[in-house]
Amino acid sequence: MSTSTTSAPPGTQDQPPARAAPRRGKRAPARTGWRRALRRDWQLYSLAILPLLFFLVFRYLPMIGNVIAFRRFEPGGSIFGEDWVGLRYVRMFLSDPTFWQVFRNTLWLGGLTLVFCFPIPIVLALLLNEVRRRSLKRFVQSVSYLPHFLSVVIVAGITMQMLASDGPVNHVLGLLGHDPVRFIQEPGWFRTVYVGSEIWQTAGWGTILYLAALTTIDEDLYEAARIDGANRWQQIWHVTLPGIRPTMITLLILNVGTFMAVGFEKVLLLYNALTYPTADVISTYVYRAGVESNSFSYAAAIGLFEAIIGLVLITSANQLSRRTVGTSLW
């Protein structure tokens, strides 16, 4: 019995297998890809020029001015200050009792705004989602959106006229047998007035993102919940709220980031010397210290302190959200 063998061609025995040629230019397609996209869609990319310039000129370049928080600034001198003073202005505001009172007021107003102004748009969006009559739904949306388009000056003016000593609210209280209440002059009423006006102005507009998120929820999930015997409240709790949770978390992180930046314009328009104990916040205190008293370096140090707290808050909220619910901004 013989076995057939196949002999290798001469000159090819004991040769190592050929190695694959090294792949060069592996990242070239990625580099050329964005260039090709830029050439193809340059009209769309050009729309981002103005927003980028806005943030560059009004957000990033002014950060250079924070150096005067550590230098003595004098009007008419160098825009970066005259002499280096280190942490002198930081020690000044940390040892100032007025600053800590303002800091507590900022925490109070920021906390109340977050607690009340954040969930109300969610509740309103859920209620509007349950409305079946389109005409009623559009009417409620139009009425609730309208305050957002009013200037802060107009909103503050309406609030002060409504709550004046001889305004409609006190007139109604008089008809009910109560004495007039000085809402604008009483320090104890300022936080209620501010948060109430903020809810009236922002609640309707805040529902837009939630209503858009509600449209992305699959109707089959509601059908499956109904088959399982879930009522409307159980459908909202187990289907609707989990469906809009990423949107809720994203907006919550953004709101936490602006926690310390309580509305400067509205506070400035609504407060007065009588309500300073509860109304004066960091932004208005910086305005008075920097613009009215010409203490620009002192005001810059306080503003930098506020910005650092905001950065810590938004970073912490983002990390906490990523670890707990798996949703984050970055």
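The values are calculated or read from the model by the stated rules, or taken from the named source; none is laboratory data. All of these numbers come straight from a predicted model, not from anything done at the bench. Virtual Cβ from ideal backbone geometry, glycine too; neighbours counted across all protein chains shown. In case anyone asks, the SASA skips ligands and DNA or RNA and just uses the protein heavy atoms, side chains included. Shrake-Rupley method; radii C 1.70, N 1.55, O 1.52, S 1.80 Å.
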Helices (runs of 4 or more DSSP H) contained in region 40-117 and holding at least 2 residues within 25 Å of the chain's Cα centre (by Cα): 49-55, 97-117
Pick from region 288-310, criterion more than 16 Å from F80 (Cα to Cα) and either exposed (fewer than 12 other Cβ atoms within 10 Å of the Cβ) or in contact with a strand residue (DSSP E or B) (Cβ under 9 Å, 6 or more places away or on another chain) (or both), ranking: modelled with the highest pLDDT: I308
Unique residue being aliphatic (A, V, I, L, M) and exposed (fewer than 10 other Cβ atoms within 10 Å of the Cβ) when the list is A69, A48: A48
Yes/no for E292 being closer than 23 Å to F73 by Cβ and among the charged types (D, E, K, R): yes
Selected residue [buried (at least 16 other Cβ atoms within 10 Å of the Cβ), more than 24 Å from I217 (Cα to Cα), of a type in the set (A, V, I, L, M) and in contact (Cβ under 8 Å) with a residue 12 or more places away in the chain] from L112, L150, L126, L146: L112
Selected residue (criterion: farthest from L209 (Cα to Cα)) from residues of region 142-155 that are within 22 Å of the chain's Cα centre (by Cα) and among the small types (G, A, S): S151
Criterion violated by A261 - all others in (1) outside any helix (DSSP H, G or I); (2) within 27 Å of the chain's Cα centre (by Cα); (3) without any contact (Cβ under 8 Å) to a residue 12 or more places away in the chain satisfied: (3)
Checking A279 against (1) within 30 Å of R72 (Cβ to Cβ); (2) buried (at least 19 other Cβ atoms within 10 Å of the Cβ), the condition it does not meet: (1)
Subset of region 244-262 (residues that are surrounded by fewer than 17 Cβ atoms within 10 Å (Cβ to Cβ) and either more than 26 Å from F116 (Cα to Cα) or of a type in the set (G, A, S) (or both)): A261
Tally, over region 303-324, of residues that are under 14 Å from the mean Cα position of the chain (by Cα) and closer than 18 Å to V67 by Cβ: 2
Which numbered condition I199 misses (of (1) touching a residue at least 40 places away in the same chain (Cβ under 8 Å); (2) surrounded by fewer than 17 Cβ atoms within 10 Å (Cβ to Cβ)): (2)
One residue from T216, T207, T192, T202 being at negative phi and not in a helix (DSSP H, G or I): T216
Residue, least open to solvent (accessible area, probe 1.4 Å), within region 180-189, restricted to residues that are part of a loop (DSSP other than H, G, I, E, B) and either of a type outside the set (F, W, Y) or on the phi > 0 side of the Ramachandran plot (or both): I184
Residue tally, condition open to solvent by 20 Å² or more (accessible area, probe 1.4 Å), free of Cβ contacts under 8 Å to residues at least 60 places away in the same chain and of a type in the set (A, V, I, L, M), over region 210-233: 5
Failed condition for G177, given (1) part of a helix (DSSP H, G or I); (2) over 13 Å from I122 (Cβ atoms): (1)
Number of the exception - H171 against (1) under 33 Å from the mean Cα position of the chain (by Cα); (2) without any contact (Cβ under 8 Å) to a residue 24 or more places away in the chain: (1)
